[in-house]
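Peer 1: Right, I'll just put the structure down here and ask away after.
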Amino acid sequence: MQNKKSLFKITYTAIFTAIIILATAIIRFSTGLGEGYIHFGDSIIYLVACILPFPYCLIAGALGGALADILAGFAIWSVPTAIIKMLNVLPFAFACKNHKSNKILNKKTALMPVISGVFTILGYFVAECVLYSVESATLSILGNSIQAVASGILFIIMATALDKINFKSKISKGV
């Protein structure tokens, strides 16, 4: 039985990683600010962090984000993105740690996009300072802020919809 649960966890991790890749690299909209773009990947990472147990959600977020950067032609960002996406997962994983509810959205998880968004903005600021310059990083703050806000809003919308169909309880039967 334990092997079956491990297989489910690994399978769901792979499926969610693929969804994160697609939602980041394929479904994206330019912010009009340099190379920045808005994507659905972060909101999927937030959902996965509420659904999959730790560290599986961490793996899906980091791999999904990093591989999406490579696929989208931004390989230089893959390592910083992997680190930032792991940081994005942590607030949600912490909020869901001892929470036995089959709901994705609750009082704690509704606040986590704010913390995760700060990690996104600061993480990409630091990465861009290292990769390019402080000036360039400063100019990217607006685009990263737009991404963080859009991800939070989309997370709440998708979590509400998935909670209406009891998605977490259906998935958690396997994990």
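Peer 1: Listed residues ALA75, ALA137, ALA150; which is surrounded by fewer than 16 Cβ atoms within 10 Å (Cβ to Cβ) and over 20 Å from LEU58 (Cβ atoms)?
Peer 2: Checking each option against the conditions leaves just ALA75.
Peer 1: Answer with yes or no whether LYS100 is over 15 Å from the mean Cα position of the chain (by Cα) and either closer than 29 Å to LYS170 by Cβ or open to solvent by less than 20 Å² (accessible area, probe 1.4 Å) (or both).
Peer 2: yes
Peer 1: What are the residues in segment 103-115 that are open to solvent by 70 Å² or more (accessible area, probe 1.4 Å) and touching a residue at least 40 places away in the same chain (Cβ under 8 Å), if any?
Peer 2: LYS103
The values are calculated or read from the model by the stated rules, or taken from the named source; none is laboratory data. Because the structure is predicted, anything quoted here is derived from the model rather than measured. Backbone-built Cβ (ideal geometry, glycine too); neighbour counts: all protein chains shown. Accessible surface areas use protein heavy atoms only, side chains included; no ligands, DNA or RNA. Shrake-Rupley method; radii C 1.70, N 1.55, O 1.52, S 1.80 Å.
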